[in-house]
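In what follows, a structure is listed as structure tokens, so that the remarks can point back to it.
The values are calculated or read from the model by the stated rules, or taken from the named source; none is laboratory data. Please read these numbers as outputs of a predicted model, since none were measured by experiment. Don't worry about glycine lacking a Cβ; one is built from the backbone with ideal geometry, like all the others, and counts go over all protein chains shown. Heavy atoms of the whole protein, side chains included, go into the accessibility calculation; ligands, DNA and RNA do not. Shrake-Rupley method; radii C 1.70, N 1.55, O 1.52, S 1.80 Å.
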Amino acid sequence: KLNFFADGKDLPIRELGDHPLCPFVVLTGTSNDYQPPDDTDKISELSFSCLHFGGEETGYVETPAYRTLAKCTAISGAGCLDAISLSMSDALSLRFWLEVLNLSWGDYVSFREVCASPPESAGLLQDLASRLLHRVPSFICWIVAFWFLHSVWDDSCGKGRDCLKAKRELDIVGYIFGAMLGLSFFAFTSPGQFMAMSPLLRQIHQVTKYYFVGNHPPPKLYMTDGGVKDCTAIVQLLWRRRERILLVLAAADPNDELNVLRTAMGVATELKLASFYDPRDPRRSVDVVFERFKGDLEQRTLHIGISYCFDDQPSTGHLIIVKNRLPPSLVSTVRPKLRHRDITMATELSDDDSDFEDEEDDEEAFGDMRTNELGPFGCCDCCHVKKLNCGPKFPHGSFTGYLYLSPHWCSSHMRLGYDISSEAIALISSAKPLQSNWEQNVEA
């Protein structure tokens, strides 16, 4: 929290809508335990915002006051294990070990309230109170079942042994558990809704690959990484018919194949949201644009046209893309770590010159090492200079980038992002129309 929130204080995501200078933040997540009757897969993309939560397949509900920005952010990035075992694979063994070893990165999110929710004045405590209220029925059933289990132990192993009584009590435990589990599969009924709120029963659903089919989703959805369908989040903006979209593409793509972008564009076309074209020459396939970008390592910006041609009133838009890659002209010796004064562009120098001493130490330690020689496996700067500078080189690195970054790797990424994004920022914020001359002569 100290790294990402002011003064280390989390806040409800709804508060983002109270600040006029705060952009409209949209985070995406994926549900994999619900399927509408007319759908062919159980993967549903949902979005979190300060106003609403939901998606095209599940419908939308108002964002509750207790849902925090930290939780939405964590769920949106909960990839890897959950995404592979629950969304991208049907292997029962993966699901089994996911539950047994408790390797889940996602979480259950309430989609609709089953009973009256606590007042919003409760603030963030409303989340705890809401969960307790929804789990009380299943919790009471669990308490009764465990009480009978304790009685079974006493009757079978205590001083006054009564095996017949213990057997009857054990049967009661089986009936209670069977009833709870059975009802949890019928979440469209009132008793089933409460049983479906039990995390333990929902984990049994996950292990058995069960997913709910119906016109309305169950009261709780298991949410995980938002990048299962669209790892770029442009589909959410295409739903909103945005005229200008800036995409910072930071996927693991050292060879510039742009598969993540191609997949997102394919999803948008399949959903009949938009099609895409080359704004310079619409006769040319977008694949040609991608191939030219791949061949020109100095090209820093991709410009793709968007056609909302599936609407009753067709319109166009522009997708401006800046990708994580290192143009040869930007390869240099490792530069000093960024300081606060570098970011704020402060002109007043501090009383001491410790910053300059640190920069001299950086230059002396890294010597003639260049940015494209930085390895990702080291967790601190000394690893780069003490023969531990191994792994795929900057700026792409490897899976360790999801877990940690050395200070100089992080600083070099920030400098690279600043250097290569200037053209895209100027283009997306231009007051002039982005349409080509030929577009102005096309009749709707």
Within region 153-230, helices (runs of 4 or more DSSP H) holding 3 or more residues that are more than 32 Å from the chain's Cα centre (by Cα) and either small (G, A, S) or modelled with pLDDT of 85 or more (or both): 163-184
Residues of region 44-61 satisfying the condition of being open to solvent by 40 Å² or more (accessible area, probe 1.4 Å) and either in contact with an Asp or Glu (Cβ under 7 Å, 6 or more places away or on another chain) or not in a strand (DSSP E or B) (or both): L51, H52, E56, E57
Residues that are open to solvent by less than 20 Å² (accessible area, probe 1.4 Å) and at pLDDT 85 or above, drawn from region 62-72: T63, R67, C72
Which listed residue, of K323, K337, is touching a strand residue (DSSP E or B) at 6+ places or on another chain (Cβ under 6 Å) and either crowded, with 16+ Cβ neighbours inside 10 Å or modelled with pLDDT under 85 (or both): K323
Residue selected from region 289-339 under the condition hydroxyl-bearing (S, T, Y) and in a loop (DSSP other than H, G, I, E, B), by the criterion farthest from S275 (Cα to Cα): S332
Selection within region 266-306 - closer than 13 Å to S436 by Cβ and within 27 Å of the chain's Cα centre (by Cα): H303, I304, G305
Subset of region 235-273 [assigned to a strand (DSSP E or B) and either out of contact with any Gly (no Cβ under 8 Å at 6 or more places or on another chain) or open to solvent by 80 Å² or more (accessible area, probe 1.4 Å) (or both)]: L246, L247, V248, L249
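Each row is one residue, and each column tells you yes or no for (1) under 25 Å from the mean Cα position of the chain (by Cα); (2) without any contact (Cβ under 8 Å) to a residue 24 or more places away in the chain; (3) not in a helix (DSSP H, G or I).
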residue: F377; (1), (2), (3): yes, yes, yes
residue: H384; (1), (2), (3): no, no, no
residue: D419; (1), (2), (3): no, no, no
residue: I425; (1), (2), (3): yes, no, no
residue: P433; (1), (2), (3): no, yes, yes
